[in-house]
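The block underneath contains the structure these notes are about, expressed in structure tokens.
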Amino acid sequence: MSRKTKSKIEVTFIYIFFLIMLVIIGYPLFWAIMMSLNPGSNMLVTELFPKNPTLEHYKWLFNSPNSDYLIWYKNSMFVAVLNALGSVVITSLIAYAFSRYKFIGRKYGLYMFLLLQMFPALMGMVALYILLNTIGLTDSLWGLLLIYLGGQIPFNAWLVKGYFDTIPRELDEAAKIDGAGHLKIFWTIMLPLAKPILAVVALFNFMAPFMDFLLPRIVLSSPENYTLALGLFNFINNQFSTNFTRFAAGAILIAIPIALVFLLLQRYLISGLTSGATKG
């Protein structure tokens, strides 16, 4: 077999693989969009290509007095924005300390971060609930935010620390000669150079509250405190609930803020993901 023929076969298999992935990923998304445009509310009578498409379900989410969708959206945005900003601040400070400082326990602290990543968050749910109950933050968005901020530290700190290690220490030393302290070095040198990896941290932690269901299910009990994932689940949770089309419409709208943040940060994301993967 010639080299040219072999190359064509490899390219063909690559395209076939991408086509299969497109079908696996794209079909459920397309079905959800079409379901949201179907009249009625029962999933069993929805059509992939509705004969009479309608936007009534989207209007119901925002206009119906029986819908708490806007409240859930506001709650999710509140937690997502604060989680993204707080994660960037906390993670960058911790990563800077582990990257640039020498202190007792530094090595074992890094090992602890690796160890914590090996255990699923589900293992600590009971302990987390008891902790929130002790400090009076159960059924509170602040309690949910506290768990998100603490839970992201091991993975993100290790990721950002690896990126900080690639920034030459000569820049720190030159700044110190000019009279800069640690805080100024961190603010004027490290953070600007680490924008790609911090953009990755911000995006992942912005997405988490929109996607997570289990943690809000345990922490939150009042409908006015629900996030989107938990609120939408109630559309189809009850035995006689058939609001699948409204569920689909609400789920589609979740993508809007995530897509906007992605477009805002996209110039940093590719370099941040590759750097975090190869240098972390």
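Key figures
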read-out	value
Flag if residue 128 is at pLDDT below 90, more than 21 Å from residue 227 (Cα to Cα) and surrounded by 11 or more Cβ atoms within 10 Å (Cβ to Cβ)	no
Residues of the stretch 217-229 satisfying the condition of being open to solvent by 10 Å² or more (accessible area, probe 1.4 Å) and not hydrophobic (A, V, I, L, M, F, W, C)	217, 221, 222, 223, 224, 225, 226
Within the stretch 154-216, helices (runs of 4 or more DSSP H) holding 2 or more residues that are within 18 Å of residue 85 (Cα to Cα) and open to solvent by less than 70 Å² (accessible area, probe 1.4 Å)	195-211
The stretch 94-122, residues that are of a type outside the set (Lys, Arg) and without any contact (Cβ under 8 Å) to a residue 12 or more places away in the chain	97, 101, 103, 104, 105, 108, 109, 111, 115, 118, 119, 120
Pairs, first closer than 22 Å to residue 57 by Cα in the stretch 21-33, second outside any helix (DSSP H, G or I), C-beta under 9 Å, six or more apart	30/48; 31/46; 31/48
Qualifying residue in the stretch 24-39 (condition: in a helix (DSSP H, G or I), open to solvent by 90 Å² or more (accessible area, probe 1.4 Å) and of a type in the set (Ser, Thr, Tyr))	yes
Given (1) open to solvent by 60 Å² or more (accessible area, probe 1.4 Å); (2) among the polar types (S, T, N, Q); (3) not in a helix (DSSP H, G or I), index of the condition residue 138 fails	(1)
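The values are calculated or read from the model by the stated rules, or taken from the named source; none is laboratory data. Since the model is a prediction, treat every value here as computed from it, not as a measurement. In this analysis, Cβ positions are derived from the backbone assuming ideal geometry, glycine residues included, and neighbour counts consider all displayed protein chains. Only protein heavy atoms, including side chains, enter the accessible area calculation; ligands, DNA and RNA are left aside. Shrake-Rupley method; radii C 1.70, N 1.55, O 1.52, S 1.80 Å.
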